[in-house]
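Trainee: Submitted below is the structure of interest, expressed as structure tokens.
The values are calculated or read from the model by the stated rules, or taken from the named source; none is laboratory data. Only a predicted model underlies this, so the values are computations on that prediction, with no experimental measurement involved. Note that we place each Cβ from the backbone using ideal geometry, even for glycine, and neighbour counts take in every protein chain shown. With ligands, DNA and RNA removed, areas are computed over all heavy atoms of the protein, side chains included. Shrake-Rupley method; radii C 1.70, N 1.55, O 1.52, S 1.80 Å.
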Amino acid sequence: MKPIICRCFVLVIFILVLRTILLFPFPGVHWFQQRGYFWIPTSTASNSQLGVRRDKFVEVPQIVWGLNNQKIAFARAILTARFLNRTLLMPSLSASLFYKEIDLLEPISFDKLFHLEKFNSLCYGFIRLGRYSDLLNQTKPFELRKGSGRKWTKERDLNQLKQCKENSIDKFEVIRIAGKHPFLWHDHWPVRDYSKIFECLVLVDEIENEAMKVTSRIREIGVKERSKVDIARNELNSDGSEDQPTPPYIAVHMRIEKDWMIHCKKLEQKSNISQICSSKEEIMERVAHITGLRQPIVVYLAVADSLLEDGSVLSGWKDGLLPYEKKRLGVWDIYTKHPYLIRSAIDYEVCSRADVFVGNSFSTFSGLIVLSRTQKLIGMGITRACGIDVGFASYAYNILGESGGPKMWMTDMSASSLQSISYGTNNISCYSGSKAMLL
């Protein structure tokens, strides 16, 4: 009997100990976690976000150049961090253009332009952005220097990143990537990954309110101009009101400033492509041939500040197309109180939210706007707009489309990398035979 009693006593003690461990685990340690049909120990769950580690980080240099080049550079940096299963430390953006305002170049924190919390919430489980205050500084950063030159191929670059997954490097709390700017890194990530990140970029309330003021002003003018026509046609209701939706507007990203024309002419010669540069006259002519527009309609001109003193951008437009830029619109004061980066972010939103957008397919600014608009169309169930009538249309004025108008434009979301779509003629996916459907 004694051996049986001893065995029962040991079994009871074992059950009590096991119960204690399960109910009161050691802090920070999860002894059992289900993985399929197996139970394995883990002590890292508190430092991960569905696979994105919170205790390992990537640090990148200050991000520079234009707004959309900075957005691409940021996306490339955080996708690199994702590849390494690390959190990206919140980088500094640049408030002014690197190559035009070197003396005014000032860093601006990411969260001065975009919501950090909303970004992490919208991209939860995919990528993660962290603060420097998250660091424990347990080890010195490991410096990873990016290669350069023709010999630094895409394959060598990817192999370098793979080596960073090995424990000899992965053990460091921070991998600090030094060398060239992230925009110039090799591109290893598909377009859909970039699109996901751009969707998570939400303007802070202050800048969002500024963009809303501009779009509201545009639509306000549209209502007044439409009312004038309706009164003349006796199309108002008996009480003087209208039974019409808010009038739409067109946004045109006009790249006709001197430095762009010099750049695109050189690009045409180098690439042997003649569909890059467009004169003001060609842009106006092609916009005038967009079918399906009910006129009058406001045309917002997103132009460089240097062109605001040139009144000619407002002249020569076809009757029914009402051109407005920042000054004529009466919103110049909204822009002048902000640095370049924020001005550009406001213009980006105004163009992105337009009912019709017309841009240059070789411009990064235009390209990312169409990328975001394509994603919205896909969300509406429109993946290929060939031969059908489609709202929320986008066009490339540098490429001739049907009826003398600009070529309709959707981003090829199946592309293997952002660089592969080139923001050129290859970026115009099947979107022909359609027209803008606006009331």
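Trainee: Using amide H atoms built 1.01 Å from N in the peptide plane, name the residues 5+ places from SER92, or on other chains, whose amide H lies under 5 Å from its own.
Mentor: The list, which skips near neighbours in sequence, is ILE63.
Trainee: Here's a follow-up. Quick one: net charge of ARG76's neighbours, Cβ under 14 Å, K/R +1, D/E -1?
Mentor: Details: positive: LYS71, ARG82, LYS146, LYS154, LYS180, LYS196; negative: ASP157, ASP187, ASP193.
Net local charge, ARG76 excluded: +3.
Trainee: Describe numerically, in nm with one decimal, the distance between label points set 7 Å from Cα along Cα→Cβ at GLU166 and at SER121.
Mentor: Those two pseudo-labels are separated by 4.2 nm.
Trainee: Given H placed on each backbone N at 1.01 Å, which residues far from PHE114 in sequence or on other chains put an amide H within less than 5 Å of it?
Mentor: The list, which skips near neighbours in sequence, is VAL204.
Trainee: Quick one: plug the Kirkwood hydrodynamic radius of the stretch 205-354 (C-alpha pairs) into Stokes-Einstein at 25 °C, 0.890 mPa s, and report D in µm²/s.
Mentor: Numbers: Rh = 17.1 Å.
In µm²/s, the coefficient is 144.
Trainee: How much length, in nm to one decimal, is gained on full extension between ARG192 and ALA288, taken as 0.36 nm per residue of separation minus their Cα-Cα distance? Mind dumping the intermediate values first?
Mentor: Details: separation 96, 0.36 × 96 = 34.56 nm, distance 3.29 nm.
Net length gain for the segment: 31.3 nm.
Trainee: Pull out the extension gain between GLN295 and GLN275, defined as 0.36 nm times the separation in residues minus the alpha carbon to alpha carbon distance; nm, one decimal. Provide the component values of the computation, followed by the final result.
Mentor: Details: separation 20, 0.36 × 20 = 7.20 nm, distance 2.86 nm.
My answer for the length gained is 4.3 nm.
Trainee: Turning to a different aspect of this structure: Please calculate the 1.4 Å probe accessible area of ARG54, with all protein chains present, and give it to the nearest 10 Å².
Mentor: ARG54 has an accessible surface of roughly 90 Å² with all protein chains in place.
Trainee: Pull up the cross-link candidates among the lysines for LYS326, meaning alpha carbon to alpha carbon under 16 Å and not fewer than 8 places away within one chain.
Mentor: Partners found: LYS213, LYS337.
Trainee: Going by a ≥ b ≥ c, the root eigenvalues of the Cα gyration tensor, does the stretch 266-366 fall in the rounded group (a/c under 1.5), the prolate group (a/b larger than b/c) or the oblate group? Spell out each step's value before the answer.
Mentor: Details: a/c = 1.65, a/b = 1.12, b/c = 1.47.
Oblate, since a/c reaches 1.5 and b/c is not below a/b.
Trainee: Per residue of the stretch 79-84, in order, report the coupling 6.51 cos²θ - 1.76 cosθ + 1.60 (Karplus, θ = phi - 60°) as ³J(HN,Hα) in whole Hz, putting x for Gly and Pro.
Mentor: 6, 5, 4, 4, 4, 8
Trainee: Quick one: net charge around PRO323, please, counting Lys, Arg +1 and Asp, Glu -1 for every other residue with C-beta under 13 Å from its C-beta. Intermediate results must be reported in sequence, preceding the final value.
Mentor: Values: positive: LYS280, LYS318, LYS326, LYS327, ARG328; negative: GLU225, ASP310, ASP319, GLU325.
With Lys, Arg at +1 and Asp, Glu at -1, the net is +1.
Trainee: While we're here: If you roll a 1.4 angstrom probe over the protein chains with everything in place, what fraction of the accessible area of the stretch 69-168 belongs to carbon and sulfur, to the nearest %? Intermediate values should be presented prior to the final figure.
Mentor: Numbers: 2700 of 5450 Å².
About 50 percent, which is the carbon plus sulfur part of the accessible surface.
Trainee: Which residues' amide hydrogens lie under 5 Å from the amide hydrogen of ASN398, considering only partners 5 or more residues apart or on another chain, with H built in the peptide plane?
Mentor: Answer set, sorted by chain and number: SER361.
Trainee: Related question: Restricting things to alpha carbons, find the Rg to Rh ratio for the stretch 60-178 using the Kirkwood radius for Rh. The partial results should precede the final answer.
Mentor: Details: Rg = 15.2 Å, Rh = 15.7 Å.
Across the stretch 60-178, the Cα-based Rg/Rh ratio is 0.97.
Trainee: Taking the stretch 262-331, which GluC sites (Glu not before Pro) meet the DSSP loop condition and have no more than 12 other C-beta atoms within 10 Å?
Mentor: Details: sites: GLU268, GLU281, GLU282, GLU285, GLU309, GLU325; in loops: GLU309, GLU325.
Those that pass, being in a loop and sparsely packed, are GLU309.
Trainee: Another question about this same structure. Grab the other residues whose beta carbon is less than 10 angstrom from that of ARG176, score K and R as +1, D and E as -1, and report the net. Please list the in-between numbers first.
Mentor: Details: positive: LYS140, ARG145; negative: GLU59, GLU143.
Here the count lands on 0.
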